[in-house]
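Student: Sharing a structure here in structure tokens format.
Derivation of every value follows stated rules applied to the coordinates shown; laboratory data play no part. What you are looking at is a predicted structure, and each value in this text was computed from that prediction instead of being measured. All Cβ positions, even for glycine, are placed from backbone atoms using ideal geometry, and neighbour counts span all protein chains on display.
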Amino acid sequence: MHIVNDPPDKETLRKLWQQSGESLNKFFNTRGTVYKELNLKENLPGMNEEEQLELLSSNGKLLKRPIVTDGNKVTIGFQEKTFAETWGT
């Protein structure tokens, strides 16, 4: 799935978030232009989880990539050590 052009729906994101064990803000691409244009550094803390999930599902450029899952485990972004520990590569 190419998540920039076809972002996951809100329920899929909710499931990935819950499986990841991470905070929801870890799913945001904080270095992206859309994140900066929407001033999410300031606005995100005032949003509830439903609003954040809705926002993430509405614009794939807001999602940190890659999001990798095997249906049980989920990793967000690429940190070599974490990726290798989780996926054995």
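Student: Identify, from the list Asn43, Asn29, the residue that is of a type outside the set (A, V, I, L, M) and more than 11 Å from the chain's Cα centre (by Cα).
Tutor: It is Asn43.
Student: Another one. When the residues of segment 22-60 are narrowed to those that are surrounded by 13 or more Cβ atoms within 10 Å (Cβ to Cβ) and of a type in the set (Gly, Ala, Ser), which ends up nearest to Asn72 (Cα to Cα)?
Tutor: My answer is Ser57.
Student: Can I ask one more? Taking the criterion of being out of contact with any Lys or Arg (no Cβ under 7 Å at 6 or more places or on another chain) and more than 18 Å from Pro66 (Cα to Cα), would at least one residue in segment 16-35 satisfy it?
Tutor: no
Student: Could you say whether any residue in segment 24-32 is among the basic types (Lys, Arg) and not in a helix (DSSP H, G or I)? Walk me through how you get there before you give the answer.
Tutor: If we filter segment 24-32 for residues that are among the basic types (Lys, Arg), which is where we start, we get 26, 31.
Keeping just the survivors that are not in a helix (DSSP H, G or I) gives 31.
Within segment 24-32 (the criterion being among the basic types (Lys, Arg) and not in a helix (DSSP H, G or I)), the answer is yes, since at least one residue qualifies.
Student: So, Arg31, is that one closer than 27 Å to Glu85 by Cα and either without any contact (Cβ under 8 Å) to a residue 40 or more places away in the chain or among the acidic types (Asp, Glu) (or both) or not?
Tutor: yes
Student: Ok, one more. Is it true that Gln79 is surrounded by 11 or more Cβ atoms within 10 Å (Cβ to Cβ), out of contact with any strand residue (DSSP E or B) (no Cβ under 7 Å at 6 or more places or on another chain), of a type outside the set (Val, Ile, Thr) and farther than 14 Å from Lys10 by Cβ?
Tutor: The answer is yes for Gln79.
Student: Another question, if that's okay. Would you point out which residue out of Trp87, Trp17 is aromatic (Phe, Trp, Tyr) and surrounded by fewer than 16 Cβ atoms within 10 Å (Cβ to Cβ)?
Tutor: Checking each option against the conditions leaves just Trp87.
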